[in-house]
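S.K.: Structure in structure tokens, see below.
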Amino acid sequence: MKLIVGLGNPGREYAGTRHNAGFEWVDRLAQMLLHVPLKPEARFHGLCAQIRQKDIDLWLLEPQTYMNRSGQSVAAMCQFYKIQTDEIIVIHDELDLPPGIAKLKKGGGLGGHNGLKDIAAKLGTQDFWRLRIGIGHPGDRNAVVGYVLHPPRKEEALLIDEAIARSLEVWSLIAQGACEAAMLKLHTKV
């Protein structure tokens, strides 16, 4: 992996919302590896940090373009650093998974996720890795926008937090490009 992208919306009003699970994951990874926050980088329309591991440069990215335009940020970084789509992992909230579940997959459908749709449109492919953090579904598709843009209930927040922590445990496998091994470990119930 060369590019780790956390999806969310910038601004205090969106901090702690279900839609910002990707930002939360990348923030925790940055603290775990760098002990510093990400810094603004105008040319990439986002917050960024560089990590050097075993002679490989890895980039952490949180697009600051709002969810619907995340692809602008991802494409800018991919073009500048010549990053291929199979070297990208996007961490995002997932309505189709209950809180407490995290799943890793490559490619596939976009599930109506506007951030993923924009990234796929700007990259010209859906063939990139995704780490999906379950946030549950409100039960009514007309209620989705309000649901994702609000903080989860306390019991849901604890489960989402556990899923983020558990998925961070497979980071070393993801960083090595052993995503299938990471997937097996993450998807296996203990």
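The values are calculated or read from the model by the stated rules, or taken from the named source; none is laboratory data. Every value quoted in this text rests on a predicted model; they were computed, and no experiment measured them. Neighbour counts are summed over all protein chains in view; Cβ atoms, including those assigned to glycine, are modelled from backbone coordinates with ideal geometry. Each accessible area value is taken on the protein alone, full model and side chains, heavy atoms only, with ligands, DNA and RNA left out. Shrake-Rupley method; radii C 1.70, N 1.55, O 1.52, S 1.80 Å.
S.K.: If packing is taken as the average number of other Cβ atoms within 10 Å across a peptide's residues, how do 6-13, 88-95 rank, most packed first?
M.R.: Those peptides, ordered most packed to least, come out 88-95, 6-13.
S.K.: Solvent-accessible area per residue for the chain at a 1.4 Å probe radius, Å²?
M.R.: 50 Å²
S.K.: Can you run the Rg to Rh ratio on the chain? Use alpha carbon positions and the Kirkwood inverse-distance Rh.
M.R.: 0.93
S.K.: What part of the accessible area of the chain, given as a whole %, is carbon or sulfur when the probe is 1.4 angstrom? Each step should come with its number before you reach the end.
M.R.: Numbers: 4960 of 9410 Å².
Here carbon and sulfur together make up 53 percent of the probe-accessible area.
S.K.: Please state the shape class of region 104-166: rounded when a/c is under 1.5, otherwise prolate if a/b exceeds b/c and oblate if not, all from the C-alpha gyration tensor.
M.R.: Oblate, because a/c is 1.5 or more while a/b does not exceed b/c.
S.K.: Counting only helical runs of four or more DSSP H residues, what would the 222 nm mean residue ellipticity of the chain come to if each run contributes -39,500 (n - 2.57) and the total is spread over all its residues?
M.R.: Per the formula, -10500 deg cm²/dmol.
S.K.: With a cut-off of 8 Å between alpha carbons and a minimum separation of six or more residues, what is the relative contact order of region 11-103 in percent? Kindly include the intermediate steps, with their values, before the conclusion.
M.R.: Values: 92 pairs, mean separation 24.1, N = 93.
With pairs under 8 Å counted, the relative contact order is 26 percent.
S.K.: Now for a different question. How big is the antiparallel share of DSSP beta bridges in the chain, given as a percent to the nearest 5?
M.R.: 55 percent
S.K.: Still on this model: Using Cα centres only, tell me the gap between region 135-190 and region 55-94 in whole Å.
M.R.: 19 Å
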